[in-house]
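What follows is a set of notes on a single structure, which appears directly below.
The values are calculated or read from the model by the stated rules, or taken from the named source; none is laboratory data. Computed from a prediction, not measured in an experiment: that's the story for all the values here. No Cβ is skipped: glycine too gets one built from the backbone with ideal geometry, and neighbour counts run over all protein chains shown. The area values use the complete protein model at the heavy-atom level, side chains included, leaving out ligands, DNA and RNA. Shrake-Rupley method; radii C 1.70, N 1.55, O 1.52, S 1.80 Å.
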Amino acid sequence: MKGEGVTIAVFPGDGIGPEVVAEAVKILGVIEGARRVSFRLDYGPVGGAALDACGEPLPASSLKKALEARAVLLGAVGGPKWDGLDYALRPERALLGLRERLGLFANLRPVTVYEELIDASPLKGEVVRGTDILIVRELTGDLYFGTPRGIRTEGGRRVGVNTLIYTEEEIRRIAQVAFLAARRRRRRVTSVDKANVLESTQLWRDVVTETAASYPDVELDHMYVDNCAMQLVRDPRRFDVVLTTNMFGDILSDEGAMITGSIGMLPSASLGETHAMYEPIHGSAPDIAGRGTANPLAAILSVAMMCRHTLGWEEEARAVEGAVRRVLRDGLRTADLARPGERTVGTAEMGDAVAAALAASLGG
Ligand code: NAD
């Protein structure tokens, strides 16, 4: 028995969120059967679904479930129905509220180019083949949270201000996440900053270098963010773990996602000292919601990340990733992955196929 009942807060959210989360839950079911663990799934509304049910995007009851669970599995939030609401009431506030209240300071986004989907990348196959990057983005500091901030009037003209601030503790704890992650990979960290211009990122560079001394088995190099943006499209294979600030990570992770060509494939983890949240990086895709055509693989791969980062089950994480590769090798494609004229499968069929491949590999 691997665990005496692991509680997972499950927040399907809006649009295709419930559709893809249902497939991720199938995968949890296979792991449960094969490894005799017991998952207690604690469902709650967030986002637009919560606004409709109780008038707020992150009800106290859902936050309580998140705080009490080992991990949160989230689908996606948002949609045109709620677009006209005040900023404080928008479904997306649920994500910010969860990050803040759960103390989720580290955002991990793997950027994996699958051989079977190499044509989906906007870059040439020979450039992206074999790309396997983990972007580690700091999530609770930087210009996004620094004060003073705002727009004020000075001497009769408007002035906009934001503050780029990092403490050495904030830098050290995210650097530790990156070095530990590198140990499970190819043992290389590239720290990205703008130390030639911004003092706060000179501190970033200094503290990352100091932290590296505790991880002598991991190779560290530093790169300016403008160069990194260029190298990501010129030679993405040179990267293993990319460690960076909130703002630079926001931009570089979207660039990284585009290298793979398919948003429906990319999972993410947001980690704190005591809590964690796993979710596909895509949104609620209102344009295809309710049709049963969404790609569930990003949500399924988020379960693999949960196994790895919260539960410490590397074997199961690899088995889920292997099952995804298996169905892609077998030629299964949801509509977003298919080439013109190729046969497509729906959300549930894709989920069932991954579940069957996983059961075969775990011996369940
Ligand atoms: P989106 O990611 O929802 O969709 C962008 C495009 O990708 C759409 O054409 C969509 O059909 C497609 N797509 C996305 N996921 C897919 C999947 N799994 N399978 C197949 N196709 C997929 O981004 P958007 O359209 O800019 O935003 C829609 C709503 O989602 C907005 O309300 C936005 O605020 C919200 N959003 C939420 C999150 C989140 O919950 N983390 C993230 C981004 C956007």
Within region 263-364, trypsin sites (Lys or Arg not before Pro) in DSSP loop having at most 10 other beta-carbon neighbours inside 10 Å: Arg343
Accessible surface of the chain, 1.4 Å probe, proportion on carbon and sulfur as whole %: 51 percent
Sites Leu85 and Arg149 - FRET efficiency at Förster radius 30 Å, r taken between beta-carbons, to 0.05: 0.85
Linear extension gain, Gln202 paired with Tyr43, 0.36 nm per residue minus alpha-carbon span: 52.9 nm
Sparse-neighbour loop sites [GluC sites (Glu not before Pro); region 301-355; at most 15 other C-beta within 10 Å; DSSP]: Glu342
Per-bin percent of Cα-Cα distances, the chain [20 Å]: 29, 59, 12, 0
Asp254 versus Arg237: modelled label distance in nm, points set 7 Å from Cα along the beta carbon direction: 2.9 nm
Gap separating the Cα centres of region 114-186 and region 309-338, nearest whole Å: 26 Å
Net length gained if the chain between Thr344 and Tyr224 were fully extended (0.36 nm per residue, minus Cα distance): 39.0 nm
Mean separation of Cα contacts under 8 Å, 6 or more apart, over the residue count of the chain: relative contact order %: 22 percent
Overall form of region 122-259 per C-alpha gyration tensor (a/c, 1.5; a/b vs b/c): oblate
Where labels lie 7 Å past Cα in the beta-carbon direction, separation of Glu315 and Arg184 in nm: 1.6 nm
Low-density loop positions, trypsin sites (Lys or Arg not before Pro), region 62-136 - DSSP coil, at most 10 other Cβ in 10 Å: Lys124
